[in-house]
Structures are given as C-alpha cells and as structure tokens.
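S.K.: Input: one structure, supplied below.
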Amino acid sequence: MARKFFVGGNWKCNGTTEEVKKIVNVLNEGQVPSTDVVEVVVSPPFVFLPLVKSLLKPDFHVAAQNCWVKKGGAFTGEISADMLVNLDIPWVILGHSERRQLLNEANEFVGDKVAYALSKGLKVIACVGETLEQREAGSTMDVVAAQTKAIAERVSDWSNIVLAYEPVWAIGTGKVATPAQAQEVHFELRKWLHANTSPEVASATRIIYGGSVNGANCKELAAQPDVDGFLVGGASLKPEFIDIIKSAEVKKNA
Ligand SMILES: O=C(CO)COP(=O)(O)O
C-alpha cells in the first residue's frame, strides 16, 4: 500500500489574528496537488484552532500542538484530548522536541499521551529525534528507538499515527539534515517498526522529516524512499509552504 505524502505545518507559538488570517488565505489560494496525492495539516496555537478551522478550505486539516495526558479536570493551563475531539480537531502533535526539552516531557509521558489521544479518536503526529550531542556520540538510533518504543509499548493500532523524525540540531537552525542523513534514520526507524510492531505497520506508517525544511531543500528530501513527508516549522508561516506541499509530486512521479 502506498503511503500518502503528508505535509504538516507547525506554527509553534506564533501569530496574531491578522497574521493567521493571512496565512490561511495563502493556503486557500495555493495551487497544490489533490488530496489523493498529499495530506496537509496545519497546527496553529490552541487559541487560533477554531478560527483556522473555520477559514481553512476543507482539503486541509488542523492539528493541536499538544494535549493533556489523560481526561481533563484540575490541571490548570492544560487542554484535554476530549476537548479537541469536542471541537472537531482531528489531529494533535505530541512529543515535539521543544516540549521534551523545555518542559521535560519524558518518553513514557509522551507514550501515555499518544495512547490517550488515540483512544479518544484523535490522529497523532508523534515526534522523535536526537540532540547534536547524542548524534555526535553515535547514539541517534538508540535515542529515537527508545522514544518510539515508549509509544509502541502503549499502542497496538498504528493506523492513526504519523511518526515525525525531527533531529533537534536541525530545528530552527537552518541546518537541515542531508537527504542521506534523513533517509538513513527513516530507514532504521522503519526497520525498528518491522521488528517491534509488525511488517504491516512498518510498511504503512508514514515517517516524515522535520528540521529546517524549506522550499529549496524539500524536493531532494522528498525523493528519499523512506521520507513520506514533512513537519515544517518556520517555513510553514510563509508562502513557500505551498512549494513544500507541491514536493509531494516528486513521490507521485517516482
Ligand atoms: O520543529 C519543527 C517542526 O515541528 C521544525 O522547525 P523548523 O522547520 O523551523 O526547523
């Protein structure tokens, strides 16, 4: 089964109402491949989710950038998966490295979040990735395997998970992984899924790359056999996001 190309735009903690409307406008007007070829999901901050959802053309979907680990209650400042479902928000990003690093989200905690969000019917973009120090120490695969294992131990159905490989050293740095570096980790992650989940999960799960993806480097990355799309930060706030969506054509013609 062919894996449909997936392009996510992670807006992080950016935007005003006016800016959000402008970005949505650009997205709605952009000439992009059909939904048979590419799945596009944008992730604004929580407070803009209803606005973006109401303005965005139906071909594109929205994701929250996080949610609480279980049912809501006395958890000041948190947003529950149940609330996202209530607002018809189909996707959530979990385990982003900024949350793992700045907010100390541990592998197990992320795994619990993924399991709970899936159990409520959300689709999950689950992020993994190593720091520069870990890469230089040669432990990239150990790190991403441990992060993926914490999810695999808690989840049996992978059909609503997209796995995002985002090397921390490439995020927001302008230092993109080379196509060969991305392919190597994606290939290893798929091999890991093959051995630790099932051959079916390994071949069906989309593994997307994130970290300084832009309009200029996306095509070469998209051409890698195990790169099934992107999770884009900075460039997802700019018109070049349309070019990144278009890189799905590389796969179609492959
Ligand atoms: O963290 C990212 C997406 O989740 C990547 O961010 P940049 O594209 O800004 O490097």
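S.K.: Within the group Gly77, Gly111, Gly72, which residue is away from the ligand (no atom under 16 Å from the Cβ), modelled with pLDDT of 95 or more, small (Gly, Ala, Ser) and exposed (fewer than 13 other Cβ atoms within 10 Å of the Cβ)?
M.R.: Numbers: Gly111 fails: exposed (fewer than 13 other Cβ atoms within 10 Å of the Cβ); Gly72 fails: exposed (fewer than 13 other Cβ atoms within 10 Å of the Cβ).
Answer to the check: Gly77.
S.K.: Which one of Val155, Val250 is in a loop (DSSP other than H, G, I, E, B), away from the ligand (no atom under 16 Å from the Cβ) and touching a strand residue (DSSP E or B) at 6+ places or on another chain (Cβ under 9 Å)?
M.R.: Only one candidate qualifies: Val155.
S.K.: If you don't mind, there's one more thing I want to ask. Asp243 fails exactly one of the following numbered conditions: (1) over 16 Å from Thr140 (Cβ atoms); (2) surrounded by 20 or more Cβ atoms within 10 Å (Cβ to Cβ); (3) not aliphatic (A, V, I, L, M). What is the number of that condition?
M.R.: If we test Asp243 against (1) over 16 Å from Thr140 (Cβ atoms); (2) surrounded by 20 or more Cβ atoms within 10 Å (Cβ to Cβ); (3) not aliphatic (A, V, I, L, M), just (2) comes out false.
S.K.: While we're looking at this one, here's another question. Test Thr205 against the stated conditions and say whether it is more than 12 Å from the ligand (Cβ to nearest atom), in contact (Cβ under 8 Å) with a residue 12 or more places away in the chain and under 15 Å from the mean Cα position of the chain (by Cα).
M.R.: yes
S.K.: Quick one: how many residues across the stretch 183-238 are crowded, with 23+ Cβ neighbours inside 10 Å and among the polar types (S, T, N, Q)?
M.R.: Count: 1.
Every residue, every condition in (1) closer than 29 Å to His61 by Cα; (2) among the basic types (Lys, Arg); (3) free of Cβ contacts under 8 Å to residues at least 60 places away in the same chain, yes or no:
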{"position": "Arg135", "(1), (2), (3)": "no, yes, yes"}
{"position": "Met141", "(1), (2), (3)": "no, no, yes"}
{"position": "Ser156", "(1), (2), (3)": "yes, no, yes"}
{"position": "Phe187", "(1), (2), (3)": "yes, no, yes"}
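S.K.: If you don't mind, another one. What residue, of Gly229, Gly234, is in contact with a strand residue (DSSP E or B) (Cβ under 8 Å, 6 or more places away or on another chain), within 15 Å of the ligand (Cβ to nearest atom) and in contact (Cβ under 8 Å) with a residue 12 or more places away in the chain?
M.R.: Gly229
S.K.: Evaluate the stretch 158-170: report whether one residue or more is closer than 18 Å to Glu240 by Cβ, out of contact with any Leu (no Cβ under 7 Å at 6 or more places or on another chain) and not polar (S, T, N, Q). First the steps, then the outcome.
M.R.: Initially, the stretch 158-170 is screened for residues closer than 18 Å to Glu240 by Cβ, giving 170.
Remaining after also requiring out of contact with any Leu (no Cβ under 7 Å at 6 or more places or on another chain): 170.
Pick out the ones that are also not polar (S, T, N, Q) and you get 170.
Yes: the stretch 158-170 contains one or more residues that are closer than 18 Å to Glu240 by Cβ, out of contact with any Leu (no Cβ under 7 Å at 6 or more places or on another chain) and not polar (S, T, N, Q).
The values are calculated or read from the model by the stated rules, or taken from the named source; none is laboratory data. Note that this is a predicted model, so its numbers are computed, not measured. Glycine gets a Cβ as well: all are built from the backbone with ideal geometry, and neighbour counts include every protein chain shown.
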